[in-house]
Amino acid sequence: MGGASFDESYPVVTGARFKNAVLCPGMSLKGAVLGTADNSPPPNTSLIRLADAWLPVPEEWDREALELFLDKANRPELFLLNTIDSMGDQYAGEKVRTAERLVRTLQFSGVDVSCVGLYLMETLGKPDYHTSPLIQEWLVPLSDAFYSSNIDVVNSPGYRFGSTGLTYLMAEYFVRHPEKMQSHNGAFIKTMLQGMYDQEVSFPDLSLICQEIYTDCYLTTDAVALYTRQDDFGKMDGSGEPDWESKDAFNWVLLSSPEENSVMMVSDNSLSKMLEPDFYTHWRSFFLYRDGELQEASGYQL
């Protein structure tokens, strides 16, 4: 390793080169200069290539190894995906290839990764890794199991996603399980809204993905299509199309439980305030329907 310096206990690797060096698990490669791998054999079998360097992985993946190297919450200093994910944008292809090598070691071992599934999804669900069919296909059963077990939590008031990867994978989960769009409507609406507008998690492709899911997969369902034909919906032209150019357009159709049989139509701005209300939140900027009939403001109480 050449060119690295140290700040307290953390190496600063800006400008450093690591040709055939064995990296420390969890270290950041921000600013490192990475080259093309040569034909040198690995010093031992528990290594995978990362550009022209080597990244150590356990000889055998078991629960203890997972919790040591892939548990971001409890062992962030050894989190292998941090090393991979910290590679500069100019190494985007190598970042994906290294992540694929790591995934293959997990696949080959047959280990149950559900105990660290959240952290794998947070990182590998990012747009950097969407170009890899191997990674995205591997994440499907993992995210299905995770969201099926935790969808009630996502559905609860006040919950929000903290990462781009989780928001993206949740959106894809609803595509695979469209019945959840209605049975867990709160979780679905929050996912779509955050995927489109939340600056902490959204990005242009995710915004478009969520718009397409909401428009093509949700608004066309029997339970929702009736309300898109209302004069005040979306573009207000009877087309049934949302107007994404205006955050004051009534684009959002929210479903209640089947027992209540109520539907609310609300704008982007009003919905965002409803999800995070404060003392000044105005609760009258919506249309409420019961059994398909528009309710007068005096006919309901929130």
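Table for the structure above
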item	result
Fluctuation leader among Gly165, Gly26, Gly110 - the chain, Gaussian network, Cα springs under 10 angstrom	Gly110
Charge context of Ala187, other residues only, Cβ under 12 angstrom, K/R +1, D/E -1	+2
Anchor Lys126: lysines whose Cα lies under 26 Å away (excluding residues fewer than 8 positions away in-chain)	Lys30, Lys72, Lys95, Lys180, Lys190
Computed lengthening from Leu208 to Ser246, 0.36 nm per intervening residue step minus Cα-Cα distance	12.1 nm
Dimensionless Rg/Rh of segment 1-112 - Kirkwood Rh, Rg from C-alpha atoms	0.95
DSSP loop chymotrypsin sites (Phe, Trp or Tyr not before Pro) with at most 13 other Cβ within 10 Å: longest gap in the chain	1-278
Long-range HN-HN contacts of Phe250 with modeled amide H, under 5 Å	Gly234
Among Thr123, Thr98, Thr131: highest mean-square fluctuation, GNM of the chain, C-alpha pairs under 10 Å	Thr131
Relative contact order, percent, the chain [alpha-carbon distance under 8 Å, six or more residues apart]	9 percent
Total formal charge among the other residues, if their Cβ is under 15 angstrom from that of Asp237, Lys/Arg +1 and Asp/Glu -1	-3
For the chain, the longest site-free run once GluC sites (Glu not before Pro) in DSSP loop states with at most 14 other Cβ atoms within 10 Å are removed	61-178
The chain: angle of helix 185-197 to the longest principal axis, Cα-based, in degrees nearest 10	60 degrees
Spacing of the two label points (7 Å from each Cα toward its C-beta) at Thr45 and Ser28, in nm	3.6 nm
Proximal aspartates and glutamates relative to Lys19, as straight alpha-carbon distance under 13 Å, when same-chain residues fewer than 8 apart are discounted	Asp38, Asp52
Tensor-based shape of segment 73-149 (alpha-carbon gyration tensor, a/c under 1.5 rounded, otherwise prolate or oblate)	prolate
Net charge of Cβ neighbours under 9 Å - reference Asp128; Lys, Arg +1; Asp, Glu -1	0
Label corresponding to semi-axes √(5λ) of the Cα gyration tensor in Å when calculated from the structure given, among (1) 46, 19, 17; (2) 67, 25, 18; (3) 31, 24, 16	(1)
Amide H partners (placed H, <5 Å) of Val57, local residues excluded	Leu47, Ile48
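Quick note: the coordinates plus some simple rules give every number you see, no bench work behind them. All of these numbers come straight from a predicted model, not from anything done at the bench. Virtual Cβ from ideal backbone geometry, glycine too; neighbours counted across all protein chains shown.
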